[in-house]
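All remarks here apply to the structure that follows.
The values are calculated or read from the model by the stated rules, or taken from the named source; none is laboratory data. All of these numbers come straight from a predicted model, not from anything done at the bench. Ideal geometry is used to build each Cβ from the backbone, glycine not excepted, and the neighbour counts take in all protein chains shown.
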Amino acid sequence: MTKVRFAPSPTGKLHLGNVRVALFNWLLARHTSGCFVLRIEDTDVRRSTSQAEETILEDLRWLGLHWDEGPYRQSERLPVYRKYAGELIGKRLAYPCFCTPEDLERERKEQISRGQPPRYGGRCRDLTEEAKTEFRRKGREPALRFRANAAAQSQESQVRFRDLVRGELSFEAAGIGDFVLLKADGTPAYNFAVVVDDALMGITHVLRGEDHLSNTPRQLLLYRALGWSPPQFGHLPLILGPDGQPLSKRHGDTSVSRFRNSGYLPEAMAGYLATLGWSPKNDKGLLYLSGLAEQFSVDKLSKSPSIFDQKKLTWLNGRYIQALTIRELTAACLPYLQAAGYIRIEPPRLAQLLSSVQAELKTLAEVADKVRVYLEQPEPDPEAKAVLQQPEAGRVIAAAIKQLAGFQELTPENFPQLIQELRQELGVGGRKLYQPLRAALTGCLHGPELVQLFTILGREEIIARLDKRINIT
Ligand code: GLU
């Protein structure tokens, strides 16, 4: 059975890059009726927070990326890592390293100044028992390092694997320095914890960002050292901003929670993210998770970076909003309406308002602004005021009030008749007729079509609004 995982570190918010990784793993699990594991990689105690973890879980639930197992937390599995660290010590493939952060930093700088790639030089690799005892007597807590060199030398000089996205890859084994397995405080380093977990959890496929590519040869050496067979790896190319640079803070806030809070639909996010690095076939209009899962295939993942285009996402969001039923739209818009203070709108009225603005919404957050004109009479802005102050405006408004008395109900069908009668009575049409009415009703010179305003506001409300603006000075 396919078993995949999403393994976020709760040190900050989920960004588009991480969540695309989550999505592709989830799609692979669903496509193959496999298992999607959620694992929280919280071994960096100083930077991990439970708040960040909570937000990550909320983001995933919101997107509909439900997990079948977990969340496991690495911080709760420390004895497991220690056990396998012990095994590597037993095989003489791990050794204590007493170097201080300052020692390591000095070594790093020297290597860089000599033009060498920085890597651990092996100072503690062959310490005598006396030297170790001496360090311990001084109270130095050692980290545990992997004898990567020895592990690599007993194999071939290249670490090779077939990446699901990029094909055959090979790395110079000699380039891999002895890396840390357990830090001095006893917590596992990423490369070690991830291998132990992926192996023990039976992970069969690891799809992750290309930024982890250089970790993979290290992890493969650990698999060999522990006698485990590795999963298949697939490294997804980066997501770039419109300027061609890797997506980062400079491109604005690209956290999932920001999109969640600013009126994007989870369906639109998933539908859009699926196109970053994959080209789902889309001949039936909008794509949803189930349709994406049905056609997901690792073979179709792209090797080249994709560009995040916020305008396209927003446009697509508008299309997903249009596809909602009124019930769904109401539920989705409610928090935004409530935040704007619109708490008590009768359900039939709300449904009417929302269906009249649905086609204009690009994000749900725009809903309060769009319906405001139907719920309150805005004060005229300077342009509208100037129109209303002209003497003809008063005539138009008075005539409209008079004509409206003859209409029981306003409908899109009888609205042209109202306009026709006004035109005849006043001898004016076009802007001279529409502008004063619009200015009085909405307080500005643009906005919804008059027919829409009249029919949604209804006769009573129209008369009341016109009355208020008839003699403006
Ligand atoms: N915790 C790692 C990260 O958030 C997971 C990397 C991996 O998938 O192996 O980048």
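Structure above, values below:
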{"read-out": "Subset of the range 331-373 that is assigned to a helix (DSSP H, G or I) and basic (Lys, Arg) - its residue that is surrounded by the most Cβ atoms within 10 Å (Cβ to Cβ)", "value": "Lys370"}
{"read-out": "Within the range 169-218, considering residues that are of a type in the set (Asp, Glu) and within 15 Å of the ligand (Cβ to nearest atom), the one farthest from Thr43 (Cα to Cα)", "value": "Glu210"}
{"read-out": "Test for Asn149: is it polar (S, T, N, Q) and either more than 12 Å from the ligand (Cβ to nearest atom) or crowded, with 20+ Cβ neighbours inside 10 Å (or both)", "value": "yes"}
{"read-out": "Subset of the range 52-100 (residues that are of a type in the set (Lys, Arg), without any contact (Cβ under 8 Å) to a residue 60 or more places away in the chain and more than 29 Å from Pro266 (Cβ to Cβ))", "value": "Lys83, Arg92"}
{"read-out": "Test: residue in the range 279-302 that is within 16 Å of the ligand (Cβ to nearest atom) and either of a type in the set (Gly, Ala, Ser) or within 30 Å of Gly177 (Cα to Cα) (or both)", "value": "no"}
{"read-out": "Condition met for Ala225 (within 13 Å of the ligand (Cβ to nearest atom), under 23 Å from Glu41 (Cβ atoms) and either in contact with a Cys (Cβ under 6 Å, 6 or more places away or on another chain) or of a type in the set (A, V, I, L, M) (or both))", "value": "no"}
{"read-out": "Residues located in the range 301-320, provided they are assigned to a helix (DSSP H, G or I), surrounded by 13 or more Cβ atoms within 10 Å (Cβ to Cβ) and either touching a Cys at 6+ places or on another chain (Cβ under 9 Å) or of a type outside the set (Ser, Thr, Tyr) (or both)", "value": "Gln310, Leu313, Trp315, Leu316, Asn317, Gly318, Arg319"}
{"read-out": "Evaluation of Ala94 against (1) of a type in the set (Gly, Ala, Ser); (2) surrounded by 22 or more Cβ atoms within 10 Å (Cβ to Cβ); (3) within 15 Å of the ligand (Cβ to nearest atom) (one fails), failing number", "value": "(3)"}
{"read-out": "Members of the range 25-45 found to be of a type in the set (Lys, Arg) and either near the ligand (Cβ under 9 Å from one of its atoms) or at positive phi (or both), listed by number", "value": "Arg39"}
{"read-out": "Within the range 397-473, helices (runs of 4 or more DSSP H) holding 3 or more residues that are touching a strand residue (DSSP E or B) at 6+ places or on another chain (Cβ under 9 Å) and modelled with pLDDT under 95", "value": "none"}
{"read-out": "Subset of the range 1-24 (residues that are touching a Phe, Trp or Tyr at 6+ places or on another chain (Cβ under 8 Å), in a helix (DSSP H, G or I) and either small (Gly, Ala, Ser) or more than 9 Å from the ligand (Cβ to nearest atom) (or both))", "value": "Leu16, Ala22, Phe24"}
{"read-out": "Candidates Ser48, Ser75 - the one that is surrounded by fewer than 21 Cβ atoms within 10 Å (Cβ to Cβ), within 14 Å of the ligand (Cβ to nearest atom), part of a helix (DSSP H, G or I) and modelled with pLDDT of 95 or more", "value": "Ser75"}
{"read-out": "Set Leu265, Leu292, Leu247, Leu273: member being of a type outside the set (Val, Ile, Thr) and touching a strand residue (DSSP E or B) at 6+ places or on another chain (Cβ under 6 Å)", "value": "Leu247"}
